[in-house]
Structure formats: C-alpha cells, structure tokens
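Notes to accompany the following structure.
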Amino acid sequence: MLFLDEFPEFSRNTLEALRQPLEDGDITIARAHTTIRYPASVILLAAMNPCPCGYLGDSRKPCKCTPPQIDRYMSRISGPLIDRIDIHIEVPAVPFSELRSERDGTPSSSMREQVLAAREMQTARCANEPTMSNGRMSSKMIRQHCRLDSASELVLKQALTELGLSARAHDKILRVSRTIADLAGRENIAPDDVLEAVHYRRLDRQL
Ligand SMILES: [Zn+2]
C-alpha cells in the first residue's frame, strides 16, 4: 500500500511514473544495456486539499484562493493519472458535534467481516480466472461478471454521456459497482450500485 499525502506537491514526473504500475501492476526500468521489469502491484491512496488554502467548500472558513490558483493547483494532477484511480471522494471536515458524539460508527471488526465475505464471493466467482480481485478484472471478465439489467444500463449510459467519461472510467465504474454489490452480498448489480460507483468518479468532472 502506498499512501501519498499532499498529492499535488509531488513532482509531475514522479506522479506520471505511477501510471504504469497502476495500470499493469509492474514497473519497467530501462538502462543502457538492459531492461528489467519488477512487480509493483500497489494499492495507491492519495490525499489532497480542495484548493491551495484548503478551505474551498468548507462552511467554517472562507477560501482565499482565486479561480486561476485553484485551477493551477488541480492541474498538477493530470487527467490520465486521475483516470487510473478507481475511487475519488470528498472528505469534508468533521463537525465538532460529531467529534463529541457518543454514538459509535461501524466498528472495524464488522467492516472486516463484510470485506472477507465479499472476497469470498469474488474468489468463488473467479475460481477459473487469472485474477480473483474485482479491481484487476480484464475487459473480458467485466463483460462476463458485471452484467447489468436495463435500469442499471440506463444509469451508466446517462452518466457516461453527461459526464463525458472515458472508456477506462467506464470499466472502473463496473468493477466498483461489482464490489459494492459484493459488499452487500448480492449477486446482481443494482442501479444504485452503478450510481454510487459513478459518484466515486468525482474528479473526472473537475479536471
Ligand atoms: Zn482556497
């Protein structure tokens, strides 16, 4: 697992070099006399602010950035790199009342059980396939294992047309929809699963 905090602060070359491992799960190093390929199958987690001052969209404090400053900041992460990241979400600041709340969220132990059950479904489904992970499904596997009913198909079509998403984003939405259905213990993908997966393509709409 690779966690990069302050994602846009890394150099453009460093960030662009992530494209190959994210896409192929390995990395090729070329030197004068030889080329070596190393396995580099990582789970990439990256965090960034919504703008240089960090307060864009925050109800507690106004953002001081100008639109060109925000554009420059966001453009440090290229569209092709964002395209290769499965899930983008906005994490708003936690309000004080919630920090002090007595109510507990879902405990890690029950989340773990949910994940293990989903992995079991994937293992059973993909027993004869080259990969058992939804995130690594090829286009051929997606066609076979992420079948949509007509209502889900319509949701996907509308999202792709309205948001102008790429073919890669299309495949990612289907893989993530499959995982959402697996986490809920359902064999069929529902329209809401597709809608949720589309919401996780948030940055496609900004870059
Ligand atoms: Zn700002």
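Looking only at residues in region 128-151 that are of a type in the set (S, T, Y) and modelled with pLDDT under 95, which one is farthest from D83 (Cα to Cα)? Walk me through how you get there before you give the answer.
Within region 128-151, the subset of a type in the set (S, T, Y) is 131, 133, 138-139, 150.
From what is left, the residues that are modelled with pLDDT under 95 are 131, 133, 138-139.
Values: T131: 21, S133: 19, S138: 16, S139: 16 Å.
Only one residue tops the list, namely T131.
Checking each residue in region 6-46 for being in a loop (DSSP other than H, G, I, E, B) and within 16 Å of the ligand (Cβ to nearest atom) picks out only E6. Every condition in (1) assigned to a helix (DSSP H, G or I); (2) hydroxyl-bearing (S, T, Y); (3) at pLDDT below 90; (4) within 16 Å of the ligand (Cβ to nearest atom) is met by S59 except one, and the failing one is (1). Within region 73-102, the set of residues being assigned to a helix (DSSP H, G or I) and away from the ligand (no atom under 12 Å from the Cβ) comprises G79, P80, L81, I82, D83, F96, S97, E98, L99.
Here is a check on your reading of the model: is E16 touching a residue at least 60 places away in the same chain (Cβ under 8 Å), open to solvent by less than 50 Å² (accessible area, probe 1.4 Å) and within 19 Å of the chain's Cα centre (by Cα)?
Numbers: touching a residue at least 60 places away in the same chain (Cβ under 8 Å): yes; open to solvent by less than 50 Å² (accessible area, probe 1.4 Å): yes; within 19 Å of the chain's Cα centre (by Cα): yes.
Here the answer is yes, as E16 does meet what is asked.
Sort out which residues of region 55-104 are of a type outside the set (A, V, I, L, M), touching a Cys at 6+ places or on another chain (Cβ under 8 Å), open to solvent by less than 90 Å² (accessible area, probe 1.4 Å) and without any contact (Cβ under 8 Å) to a residue 24 or more places away in the chain, and write them in order of number. Working first, answer last.
Step one: filter region 55-104 for residues of a type outside the set (A, V, I, L, M), giving 55, 57-69, 71-73, 75-76, 78-80, 83-84, 86, 88, 90, 92, 95-98, 100-104.
From what is left, the residues that are touching a Cys at 6+ places or on another chain (Cβ under 8 Å) are 55, 57, 63-65, 69, 73.
Imposing the further condition that a residue be open to solvent by less than 90 Å² (accessible area, probe 1.4 Å) reduces the set to 55, 57, 63, 65, 69, 73.
Within region 55-104, Y55, C63, C65, Q69 meet the criteria.
The values are calculated or read from the model by the stated rules, or taken from the named source; none is laboratory data. Note that the structure is a prediction, hence the values are computed from the model and not measured. So basically every Cβ, Gly included, is an ideal-geometry build from the backbone, and we count neighbours across all protein chains shown. In case anyone asks, the SASA skips ligands and DNA or RNA and just uses the protein heavy atoms, side chains included. Shrake-Rupley method; radii C 1.70, N 1.55, O 1.52, S 1.80 Å.
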